[in-house]
1. Can you find, within segment 58-84, the residue that is modelled with the highest pLDDT among those that are closer than 11 Å to Ala8 by Cα and touching a helix residue (DSSP H, G or I) at 6+ places or on another chain (Cβ under 8 Å)?
2. Is one or more of the residues making up segment 6-19 among the aromatic types (Phe, Trp, Tyr), modelled with pLDDT under 95 and closer than 21 Å to Arg78 by Cβ?
3. Given the criterion over 17 Å from Asp84 (Cα atoms) and part of a helix (DSSP H, G or I), identify the matching residue among Ala8, Ala45.
4. Check whether at least one residue in segment 25-34 is in contact (Cβ under 8 Å) with a residue 40 or more places away in the chain, in contact with a Leu (Cβ under 6 Å, 6 or more places away or on another chain) and either surrounded by 12 or more Cβ atoms within 10 Å (Cβ to Cβ) or acidic (Asp, Glu) (or both), and report yes or no.
5. Any residue in segment 1-22 that is of a type in the set (Asp, Glu) sitting within a Cβ distance under 8 Å of a residue that is buried (at least 18 other Cβ atoms within 10 Å of the Cβ) and part of a helix (DSSP H, G or I)? List the pairs, counting only those 6 or more apart or interchain.
Amino acid sequence: MNRYGDQAMTHWKVHKPQAFGELESPEKFFTELGEEISTEIEARARELAGQEPDGEGYLQRLQRLNTSRSTAEGEVLRERVLLDVEPDHE
């Protein structure tokens, strides 16, 4: 299980225990979810980074790619991992 699957599993255990308890195979579920999240982050980061501008230097490229990766990761984690909590666990 990658770090995204582990993060999602920890979040569900704490904030969505009823939903977590209903999972037939939590390890499999979060392993697959982690892989999906990783793939989605990579795709979104590439999209956000866009094309390399003319004359872009190494440090500018590094900053552009790191920023797009960080933005993509934050967006996807909010959408797929840090889900709303169950009403009695707020």
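1. Only one residue tops the list, namely Leu77.
2. Yes, segment 6-19 contains a residue that is among the aromatic types (Phe, Trp, Tyr), modelled with pLDDT under 95 and closer than 21 Å to Arg78 by Cβ.
3. Ala45
4. no
5. If the second residue must be buried (at least 18 other Cβ atoms within 10 Å of the Cβ) and part of a helix (DSSP H, G or I), the pairs left are Asp6/Phe30; Asp6/Gly34.
The values are calculated or read from the model by the stated rules, or taken from the named source; none is laboratory data. Predicted, not measured: the structure shown is a model, and the values here were computed from it. A quick note on method: Cβ atoms are made from the backbone with ideal geometry, for glycine too, and the neighbour counts reach across all protein chains shown.
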